[in-house]
Amino acid sequence: MIIMCIIMAIGLIIFVMIIGATIYVVARLLMKKSRIEDRPLMILKERYVKGEINDDEYRQKKKLIND
C-alpha cells in the first residue's frame, strides 16, 4: 500500500515537471520571438527620447516599421 502511494507520488511529480518544462519552453520561445520583432521599434523610441530624431521623423519611421 505504501509503495503504491510512493509510486503514484513520483508519477505525479514527474507529470508536474513535464508540464512545467513545456510551459517554460513555450514561454521562452514566445518571448524570444517578441523581442526580435519589437527591437526596431525599441531602437526608434530610444533615438526619439535621446533627441536624435524629431516628431515627424519618429512618426514616419514608426509607420514604416508597423507596416
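Every number in this text was worked out from the coordinates using simple rules, so none of it is lab data. Everything numeric here is computed off the predicted structure, so don't read it as measured data. So basically every Cβ, Gly included, is an ideal-geometry build from the backbone, and we count neighbours across all protein chains shown.
Computed from Cα atoms, the angle from the helix 2-50 axis to the main principal axis of the chain rounds to 0 degrees.
Between 0 and 90 degrees, the angle of helix 55-66 with respect to the longest Cα principal axis of the chain falls at about 40 degrees.
Full extension of the chain between VAL26 and LYS45 gives 4.0 nm of extra length, using 0.36 nm per residue less the Cα-Cα distance.
Show that you can apply the helix-only estimate: for the chain, add -39,500 (n - 2.57) for every DSSP H stretch of four or more residues, divide by all residues, and state [θ] at 222 nm to the nearest 500. Only helices count here, giving -33000 deg cm²/dmol. Its Cα centre serving as origin, region 2-66 has a Cβ charge dipole (Lys and Arg +1, Asp and Glu -1) of approximately 120 debye.
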